[in-house]
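Scroll down for the structure; my scribbles are underneath it.
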Amino acid sequence: MSRLGTLGARLYRGEVGYDFVAKRKIWYGISILITITAIVGLAVRGLNFGIEFSGGAVFTTPKTSVSAEAARKTAQDVSGHPAIVQKLGDKTLRVQVSDLTPDQSRKTQEALAKKLDVDLNKVNTDIVGPSWGDEIANKAWTGLGVFMILVVVYLAIAFEWRMALAALIALIHDLTITVGVYALVGFEVTPGTVIGLLTILGYSLYDTVVVFDGLKESAKDLTKQTRFTYSEIANRSLNGTLVRSINTTVVALLPVAGLLFIGGGFLGAGMLNDISLALFVGLAAGAYSSIFIATPLVADLKERDPQMKALTKRVRARRAADAAKAEAGGAVQDREPSDADGADDEEPEDAAAGVVSQRRQSRGRGGRPSGKRR
């Protein structure tokens, strides 16, 4: 068995582990800091919405030798708006300009045709109105709201309301971080981004539910014993699924990293960036929130329950009693060697006499050792 597999088995059996729950204030502080940074980035820089949301025009050129930078400068100078140019695999260009009026779209099309030295009708133009983008945004918000409600209802029924609340906070945490990274990086927000955001919610929820399921099984009849508190059981359940969560996240991140860094960065397929960045950041944030946020939050909420407070008192009382017994036993053991030391303080003559007496008892008549001669 590999070292990682051995570690996973030992974590599952509780032989080793890290106390995530006890250090929850540290994780809360880190999450608050990251979330504030994401919110500030979102407020200062805002999101770079694509034409699907803001409206605009997309121009697709025929095969050309004109560089993407030259086409971008031409479209930007004529339209007066920032242009995004992508070079496609067949050496055609895709020029995207947001917030264009029909008149501006016509002038931009004519300028591109002149720059590429082709007929006007060979530059294909698709105009997207802002109303269509508003409809897409409204549907996205509606889908997100329905998803959140269904998640809370399901977790409240399958587990309990505390776990549902913790999972909801973890999901909002993941969404906020992902959207904040989009604002800081400046990537374009497209329908693919929305799809990526909804996808990462499923991955984040999966890891959280796995931990919660193990915690639910471990916490059965918890109040009938006095060995562990709820927080300690929660931490053991978290450690038991830790390696599984890490493996699942790494396996999911590898192909997404290929899309983002190789497809979008090295190969220049910019259309992959919108969905791959959302998946990459969201998967990493989801794994983090499942381990460091969701389960510690459940433990915090659960420890406020009167039954769990009483259990914690009983556990502490038992441990104090066990510690007192162990200390008393240690004191008795410390006193026994002191008596033996007193015996060593006998007079030398008495000790020697005792040795001689023992030797005589071991011999027979005539001072010879008892037994047959050989």
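Every read-out reported here was derived from the displayed coordinates using simple, explicitly stated rules and does not represent laboratory data. Here the structure is a predicted model, which means the values were calculated and not measured. Counting neighbours? That spans all protein chains shown, and the Cβs are built from the backbone with ideal geometry, glycine included.
Brief remarks on what is shown
- A Stokes-Einstein calculation at 20 °C with viscosity 1.002 mPa s, built on the Kirkwood radius of the range 207-326 over Cα pairs, returns a diffusion coefficient of 127 µm²/s.
- Of all lysines in the structure, those lying under 24 Å Cα to Cα from Lys73, and not within fewer than 8 positions of it along the same chain, are Lys63, Lys87, Lys91, Lys107, Lys114, Lys115, Lys122.
- Counted charge near Asp134, where neighbours are those whose Cβ lies closer than 15 Å (Asp, Glu -1; Lys, Arg +1): -2
- Protection proxy ranking of 233-240, 296-303 - average other beta-carbon atoms within 10 Å, highest first: 233-240, 296-303
- Convex hull volume of the C-alpha atoms in the range 84-133, normalised per residue: 92 Å³.
- For the listed residue pairs Lys25/Lys216; Lys25/Lys302; Lys23/Lys216, the alpha carbons are over 18 angstrom apart in Lys25/Lys216; Lys23/Lys216.
- A simple spin-label model places the labels of Lys73 and Ile32 5.1 nm from each other, with each point 7 Å out along Cα-to-Cβ.
- Ordering 45-57, 106-118, 212-224 by mean Cβ neighbour count within 10 Å, with the highest value first, yields 45-57, 106-118, 212-224.
- With a simple spin-label model that places each label point 7 Å from the Cα along the Cα-to-Cβ direction, the separation between Asn121 and Gln307 comes to 7.8 nm.
- Gyration tensor over alpha-carbon atoms, the range 99-247, equivalent ellipsoid semi-axes in Å: 51, 16, 11
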